[in-house]
Amino acid sequence: MLLRLQIEENMKFELDEITLAEMTKEARQCFLDEDAPEYICVLNTEIEKGYENANFTELLRAAHSLKGGAGIAQLFSIMELSHSFEDILAIIQKLPNSRTEEAWVLLEFIVNEITILLHQAEGDEEIFVDAKLLKKLADFIDSYSATATNIIPEKKPQNIEVKSEPEPVNNSINSANYQEDSLSSSNLRISLERLELMTNEVEELLVIRERLRLRQQQLSQVTRKIRSISRQLEPIQEQVQNFYNQLAIAPASIAPQNQQEFDSLELERYTEIHISLQTFQELMLQFQENYADLKFINQDVSDNLDGLETNVDSLYGNVTQSRLVPFRTIGQRFLPQVQSLAYRCNKSVNLLIEGEEVLIDKILLEQL
């Protein structure tokens, strides 16, 4: 009975090891397929913005998450590089401007090296960090530590001990938050999908504007035609007015000397003609007033369309300009990879980018 219990315990222990190995393998695959690409994308996006525009909070969060995920997936080389990334990110806030660019290049090297290691890990290859890069990172951190030690004042050491309590990571986060707040007042991040949607809507406005312009031109043609008809009616209106004036004095000549000989039918006919002429004059007056209103509306629509055309053209130009970025944006992405490969192969390589200022559609650039 005792032997049977021992065998069952051994089988249970072996089963736990197999389960643990499977869980580790599954966690590693999940990290490589889902989590790591997201963190690398955040790091690349922020690093491409440069030191002045990068969001240090996002960088620190992505590096910390990458380090934790690599630890769970037992990718210790990536975890080590992520830790170095955090250290340099914490240091970079305190560096003088002369060394900021050097530190930023090291961050690019780290992200590029992690990307290479992730690709190797996907093929179940044994991954190793570039020893030269590790040495360069260690030398940089050591040089900063030596510099920081040299600049510590010798007076009042008790104050130094008190001030050394806050963590540098928190200081860097606070500085990053301050920079983010100052930049958010002047910059706005818009996704490419939203930018594409805005461009399509502005193009729809252009089409609608052209339709309105066509209708306004048709309205102008009708206005000119009515104006021509109005001019042709002016002589007729004058003749009618003269006839109306003559008819107004007609009763004196029509009325007979003898009231008994007065014809009531003739007076009735005179009244009908008088009313018809008066109605005609009123219609002509309404026609002229409506023509004046139509002319005013046409002029107002034309002026508003001119303003709309200017604003829509300016909006379309600004949206189009926001989609265009210099070619160096994609060209400079190859610099860390080339330099990393140069370090690995111990070769001297210089990447020459021609046409750096040529503007390219950002959406097309992402496809490249």
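The values are calculated or read from the model by the stated rules, or taken from the named source; none is laboratory data. For clarity, every value in this text was computed on a predicted model and none was experimentally measured. Glycine also receives a Cβ, built like all others from the backbone with ideal geometry; neighbour counts cover every protein chain displayed.
Quick one: in the stretch 48-66, of everything that is at pLDDT below 85 and assigned to a helix (DSSP H, G or I), which residue is nearest to Lys94 (Cα to Cα)? The extreme case among them is Phe56. Scanning the stretch 117-130 for residues that are in contact with a helix residue (DSSP H, G or I) (Cβ under 7 Å, 6 or more places away or on another chain) and assigned to a helix (DSSP H, G or I) turns up Leu117, Leu118, Ala121, Glu122. Across the stretch 131-161, the qualifying residues are those that are among the β-branched types (Val, Ile, Thr) and either exposed (fewer than 10 other Cβ atoms within 10 Å of the Cβ) or assigned to a loop (DSSP other than H, G, I, E, B) (or both), and the one among them that is modelled with the lowest pLDDT is Ile152. Pairs linking a residue in the stretch 67-81 that is in the same structural domain as Pro37 (by TED's automatic domain parsing) and at positive phi to a residue that is modelled with pLDDT under 85 and among the polar types (S, T, N, Q), with Cβ atoms under 7 Å and 6 or more positions apart or on different chains, are Gln74/Thr24. Restricting attention to the stretch 5-46 and to residues that are among the basic types (Lys, Arg) and modelled with pLDDT of 50 or more, the residue that is surrounded by the most Cβ atoms within 10 Å (Cβ to Cβ) turns out to be Arg28.
Here is a yes/no grid of residues against (1) without any contact (Cβ under 8 Å) to a residue 60 or more places away in the chain; (2) part of a helix (DSSP H, G or I):
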| position | (1), (2) |
| --- | --- |
| Asp300 | yes, yes |
| Asn311 | yes, yes |
| Ser322 | no, yes |
| Val325 | yes, no |
| Ser348 | yes, no |
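Listed here are the residues, each with its yes/no results for (1) exposed (fewer than 12 other Cβ atoms within 10 Å of the Cβ); (2) touching a Ser or Thr at 6+ places or on another chain (Cβ under 6 Å); (3) at pLDDT below 80; (4) not hydrophobic (A, V, I, L, M, F, W, C).
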{"residue": "Leu324", "(1), (2), (3), (4)": "no, no, no, no"}
{"residue": "Thr329", "(1), (2), (3), (4)": "no, no, yes, yes"}
{"residue": "Val338", "(1), (2), (3), (4)": "no, no, yes, no"}
{"residue": "Ala342", "(1), (2), (3), (4)": "no, no, yes, no"}
{"residue": "Leu351", "(1), (2), (3), (4)": "no, no, yes, no"}
{"residue": "Glu354", "(1), (2), (3), (4)": "yes, no, no, yes"}
{"residue": "Ile360", "(1), (2), (3), (4)": "no, no, no, no"}
{"residue": "Leu365", "(1), (2), (3), (4)": "no, no, yes, no"}
{"residue": "Leu368", "(1), (2), (3), (4)": "yes, no, yes, no"}
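Checked against (1) touching a residue at least 24 places away in the same chain (Cβ under 8 Å); (2) surrounded by 13 or more Cβ atoms within 10 Å (Cβ to Cβ); (3) part of a helix (DSSP H, G or I), Glu101 passes all but condition (2). Only one entry of Asp361, Asp306, Asp313 meets the criterion of being over 26 Å from the mean Cα position of the chain (by Cα) and farther than 30 Å from Pro235 by Cβ, and that entry is Asp306.
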